[in-house]
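Remarks on the structure that follows.
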Amino acid sequence: MEITSYTDYALRVLIYLARSPNKQTTITEIADYFNISRNHLVKIVHQLGSKGFVKTTRGKGGGLVLQRPPAMINIGNVVRSMECHFNWVECFNPTQQHCRLLPNCGLKHLFAQAGEAYLKVLDSATLADVLLGITTVGLNSKIL
């Protein structure tokens, strides 16, 4: 199971914002911190805003903050909101079912169960839970 870098960066943005809850942050600041393309991050932040995870303010003095407290942001919901699909293997995509094993193959069912378990684990955690795992790491650290 793997998430895209798009979702990875979205989670990083949320963690970054949650670590400084009373501070409005700019996309440039986050892009510089994680050494991520600012243009790519603009798209991610836009989607995070449209999904209700961050609040953005335009103009001079603008920036972004979390829309809700970290305890109200479910990691599974973030991942589902950012990923465009969960086609773990080819046979999950109805337009690309070219596998000769498809009629009798048990892998699709197995991967479906694994995917459900994967998402269930993510559903069990909030952004606040994630922060507990990194509270001893300062925001100036490059561990993230």
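Contact map, the range 77-97: residues that are over 24 Å from LEU11 (Cβ atoms) paired with residues that are among the basic types (Lys, Arg), Cβ distance under 6 Å, separation 6+ or inter-chain. Pairs shown: CYS91/LYS108.
Residue-wise test of (1) more than 16 Å from the chain's Cα centre (by Cα); (2) hydroxyl-bearing (Ser, Thr, Tyr); (3) farther than 14 Å from TYR6 by Cα.
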site: ILE36; (1), (2), (3): no, no, no
site: GLN47; (1), (2), (3): no, no, no
site: ARG68; (1), (2), (3): no, no, yes
site: ARG100; (1), (2), (3): yes, no, yes
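Looking across the range 64-113, the residues that are of a type in the set (Val, Ile, Thr) and closer than 21 Å to SER124 by Cβ come down to ILE73, ILE75, VAL78, VAL79.
Out of the residues in the range 73-106 meeting the condition of being assigned to a helix (DSSP H, G or I) and at pLDDT 80 or above, tell me which one is nearest to LYS43 (Cα to Cα). Walk me through how you get there before you give the answer.
Keep residues of the range 73-106 that are assigned to a helix (DSSP H, G or I), which gives 75-82, 90-92, 94-96, 102-104.
So of that shortlist, the ones also at pLDDT 80 or above come out as 75-82.
Numbers: ILE75: 19, GLY76: 20, ASN77: 18, VAL78: 15, VAL79: 15, ARG80: 16, SER81: 13, MET82: 11 Å.
Going through the qualifying residues, I end up with MET82.
Pull up the range 69-121, narrow it to residues that are closer than 26 Å to ARG19 by Cα and of a type in the set (Gly, Ala, Ser), then point me to the one that is surrounded by the fewest Cβ atoms within 10 Å (Cβ to Cβ). Once the filter is applied, the top-ranked residue is ALA71. When you look at GLY106, is it under 18 Å from GLU29 (Cβ atoms) and out of contact with any strand residue (DSSP E or B) (no Cβ under 6 Å at 6 or more places or on another chain), yes or no? When the stated conditions are applied, GLY106 does not pass them.
The values are calculated or read from the model by the stated rules, or taken from the named source; none is laboratory data. Every value quoted in this text rests on a predicted model; they were computed, and no experiment measured them. FYI the Cβ positions are ideal-geometry reconstructions off the backbone, even for glycines, and counts take in every protein chain you see.
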